[in-house]
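Quick notes on the structure that follows.
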Amino acid sequence: MSSVDVIILKDIEDVAMQGARMLRHQLRKKSDSVLGLATGSTPLALYEQLIQECANGRLSFRCASTFNLDEYLGLQPGDAQSYRSYMQRYLFDKVDIDIANTYLPGCGDGEDPKDVGPRYEALIRSKGGIDFQILGIGQNGHIGFNEPTSSLSSRTRIKTLTRETVAANRRFFTDATSQPQLAITMGIATILEAARVVLLATGEEKAEAIRASVEGPVSAMWPASVLQLHPQVTFLMDEAAASSLTLRDYYHWVAEQNRRLADVRTAPG
Ligand code: PGA
């Protein structure tokens, strides 16, 4: 069954809880799920929630494997600002995942960066493809580091970041000269191949990107808008990120009807 779901919740905590619920469901259904993971500020509350659930035995990553969306080009995995370090710090070191099953599209010393994309794609394919992909969204509508005007049929490759993205991520770097301007990112076509996609958005600064991506025309100018073509995608957001949506009331109404349907299905007798 195909669906584009728009779920609007009160705040970032509720978004994290709902994201964790969906991921828990996925891992219970298929313990060796292949998960696509994102970095940035938005998924941090979700990762906190997953760590707690793993600690109290509600969730296990023991059989799962993970593929991150992107990594800076030029930072080695041990660099404190690399996305590998981020993932270790905020998730992998605190859950029961086998680190050998966690992958980022890194470029090793002496390796031709052009080879990294095809190798990453082959690795994803060898694991059977991504079952459940978590995404954030940039203020400019990027997913992964697929900046506006990225090819909608792009695969994992090197991308030049926009000046806005570099500025937005400046907060993670103590020294501006060490901040990379290039990254390796899953492509838009790669992301679209995930069986299920959940995009998280919180905060008013994402409202315009959410409006364009959920309700605007599909356009390379707003890369996340291509998710409208995905068969099973959920845009999961807080009220602030939803504040510019034209059909906000309708999405709330649909959610209410879905809750009623679920009650009917689970009612005794
Ligand atoms: P953020 O980044 O979660 O730090 O806002 C999201 C993104 O750029 O994809």
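The values are calculated or read from the model by the stated rules, or taken from the named source; none is laboratory data. Every value quoted in this text rests on a predicted model; they were computed, and no experiment measured them. Every residue, glycine as well, gets a Cβ built from its backbone with ideal geometry; the counts of neighbours run over all protein chains shown.
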Of the listed residues (Gly144, Gly106, Gly117), the one being within 16 Å of the ligand (Cβ to nearest atom), within 20 Å of the chain's Cα centre (by Cα) and crowded, with 17+ Cβ neighbours inside 10 Å is Gly144
Of those in region 172-187 that are away from the ligand (no atom under 13 Å from the Cβ) and buried (at least 18 other Cβ atoms within 10 Å of the Cβ), the residue farthest from the chain's Cα centre (by Cα) is Gln179
Of the residues in region 56-68, those that are touching a helix residue (DSSP H, G or I) at 6+ places or on another chain (Cβ under 8 Å) and over 11 Å from Tyr103 (Cβ atoms) come to Arg58, Leu59, Ser60, Phe61, Ala64
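If you take the residues in region 213-269 that are out of contact with any Gly (no Cβ under 8 Å at 6 or more places or on another chain) and acidic (Asp, Glu), which one is farthest from Asp14 (Cα to Cα)? Explain how you work it out, then say what you get.
To start, the set of residues in region 213-269 that are out of contact with any Gly (no Cβ under 8 Å at 6 or more places or on another chain) comprises 214-220, 226-235, 237, 239, 242-269.
So of that shortlist, the ones also acidic (Asp, Glu) come out as 215, 239, 249, 256, 263.
Working: Glu215: 23, Glu239: 10, Asp249: 18, Glu256: 16, Asp263: 20 Å.
The residue in question is Glu215.
Residues are listed down the side, and each one gets a yes or a no for (1) in a helix (DSSP H, G or I); (2) of a type outside the set (Gly, Ala, Ser); (3) more than 30 Å from Lys114 (Cβ to Cβ):
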site	(1), (2), (3)
Val166	yes, yes, no
Ala183	no, no, no
Glu205	yes, yes, yes
Pro217	no, yes, yes
Ala224	yes, no, no
Phe235	no, yes, yes
Taking first residues from region 211-232 that are within 28 Å of Gln26 (Cα to Cα) and second residues anywhere that are among the charged types (D, E, K, R) and surrounded by fewer than 19 Cβ atoms within 10 Å (Cβ to Cβ), the pairs with Cβ under 6 Å that are 6 or more apart or on different chains are Gln232/Arg196
Notebook entry, point to check: Would region 138-161 turn up any residue that is among the basic types (Lys, Arg) and not in a loop (DSSP other than H, G, I, E, B)?
Noted result: yes
Worksheet item: Do we find a residue being away from the ligand (no atom under 16 Å from the Cβ), in contact (Cβ under 8 Å) with a residue 24 or more places away in the chain and in contact with a strand residue (DSSP E or B) (Cβ under 7 Å, 6 or more places away or on another chain) anywhere in region 35-47?
Response: yes
Report yes if Val198 is out of contact with any Lys or Arg (no Cβ under 9 Å at 6 or more places or on another chain), among the β-branched types (Val, Ile, Thr), within 16 Å of the ligand (Cβ to nearest atom) and at pLDDT 95 or above, otherwise no.
yes
